[in-house]
Amino acid sequence: MSLRLYNTQTRSVTPLVPLVDGEVRIYVCGLTPSAEAHLGHARSFLFFDVLRRYLAHPRNGLHVTYVQNVTDIDDRTIAASQATGESVETVVATYYGHFKAGMRKLGVREPDLEPHATQHIDPIVDMIAELIVTGHAYVTEDGVYYAVKSFARYGELAHRNVDELLVGARVAENEHKRDPLDFALWKFAKPGEPEWPSPWGPGRPGWHIECSAMSRELLGVPFDIHGGGTDLIFPHHENEIAQSEPLMPPHEHMASHWVHGAMLNFDGKKMSKSLGNFEPLSAVLERHDPLAIRLLFLQTGYRKPMNFTEDSIGAAHSAVQKLRKAYDAAKTRPAGDSSAVRERFFEALDDDMNTAGALGVLFDSLSSIEPAFLQEALGVLGVGDILTRELPVETVQVDPAALERLRTALADAVPFNGESSDGMIALVIDARNAARKARDFALADRLRNALSAEGIVLTDGKDGSTTWTVAGA
């Protein structure tokens, strides 16, 4: 296969070489359902959904095992339970149910395995015991801690050294760890908190050990891809490595590739309840077309920070309609050859899942693309449902005589073939956009003037889209 992915650990884009021929095993850190999910969560999981689709596509032909966990017990879920008076189970079920409904609307497929931490207490306890025996963990009055200085490569993923991390680090009054960087593997239960038995006393697991134990149990180590948002690089993923790799053979790594998606801002700011710009995912999906949201996310590379605005989602709505109309127009054209377009599309995806580049190839080729390939390409991106939805009813009528004059005037420049009025005008617009890209401004002006002569007015948007109406309508 030719897919290359950025590896956070090596800071380089390198080929993805499956550890087992024909298979790829992926573990992505999932949600902690202690509050409503937001658009940032959606962006992260949507990217990994596209990665799964592409790995399984015949171009790669891989069997993908995708694991996405649920952190259903931690400080935040307990705090939410205490604040509402509901059980932790009820809090988790409520928020996770809302999240799952949002993922379905966005077309994000179900994980192959969806482990909940509370269902895997035994392997978590077993792993903690191994770390104690090997000298990487110790028991104190308030729980079991990982000894960071026992792992010489601590900080390699985040590219930080231990001395720098120690600057300003402190041990809280209620903690009994030996070193400020040490972190909890098992927390002894406090009154009223959920608890499970362990050799050291009843309690619950720390956040980091949950993912180390569940990924090892369900995928085995090493596995191919470990993913999540950039906010998880440190300390969560760094601590996972510190827990997992000392229990593996020397020089083996927990995962071959560490893949992280960048953060999402809302109107130029980080989403925060204190800033008043936090909106639950469910509410955003009520206001906007889920396919437009998905398409918008794919128009920015997954490693680049992204800004969600009402203007940007508005442009994405227009892009959805443009793809839908182009599909209908493509079905009326004589069969062509999309092999060159197809190769450019997949070359973009091979280059670190450049979905923005792949979409650019599609939009640049709408005037000539074959419907079968457009269907295949949008299926890989998870927006294939665009092609099955109803087109909006035309509210602007164009004089049939004007359309016939247009057909005659531009017969040598536009491949008309019995389209509707909407389809005819879309073909002229696509031909004009292609001429502008080729810097054939004389042809572009001719096409626009031909439309203008029949009272059809074009408006070019800042996002590169073009809309039309009839003068005076």
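Nothing in this text is a laboratory measurement; each read-out follows from the coordinates by a stated rule. Since the model is a prediction, treat every value here as computed from it, not as a measurement. Methodologically, a virtual Cβ is constructed for each residue, glycine included, from the backbone with ideal geometry; neighbour enumeration extends over all protein chains shown.
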FRET efficiency (LYS100, ASP231; Cβ distance; R0 22 Å; to 0.05) is 0.55
Once phi is turned into ³J(HN,Hα) by the Karplus curve 6.51 cos²θ - 1.76 cosθ + 1.60 with θ = phi - 60°, what whole-Hz value does each residue of segment 291-298 show in order, with x for glycine and proline? 5, 5, 4, 4, 4, 4, 4, 6
Excluding residues fewer than 8 positions from LYS177 in its own chain, the lysines with Cα under 28 Å of it are LYS149, LYS187, LYS190
Which lysines have a Cα lying under 27 Å from the Cα of LYS105, excluding residues fewer than 8 positions away in the same chain? LYS269, LYS270, LYS273, LYS304, LYS322, LYS325
How many angstrom separate the Cα center of segment 135-165 from the Cα center of segment 314-353? 49 Å
Pop out the ³J(HN,Hα) list for segment 222-227 in order, Karplus 6.51 cos²θ - 1.76 cosθ + 1.60 with θ = phi - 60°, rounded to Hz; leave Gly and Pro as x. x, 10, 7, 9, 10, x
Mind checking the dipole of segment 60-211: about its Cα centre, +1 per Lys or Arg Cβ, -1 per Asp or Glu Cβ, Debye to the nearest 20? 420 debye
Under the rule of at least 5 residues apart or a separate chain, name every residue whose amide H is placed under 5 Å from the amide H of ASP182. VAL148
Between LYS270 and LEU247, what FRET efficiency follows from the Cβ-Cβ distance if R0 is 35 Å, with the result rounded to 0.05? 0.45
Relative contact order of the chain (C-alpha contacts under 8 Å, at least 6 apart) in percent is 15 percent
Counting other C-beta atoms within 10 Å, and keeping those with at most 10, which DSSP coil trypsin sites (Lys or Arg not before Pro) do you find in segment 228-325? LYS273
HN-Hα J couplings of segment 30-46 from phi, Karplus 6.51/-1.76/1.60, θ = phi - 60°, integer Hz, Gly and Pro as x? x, 7, 9, x, 10, 7, 5, 5, 10, 4, x, 4, 4, 4, 4, 6, 5
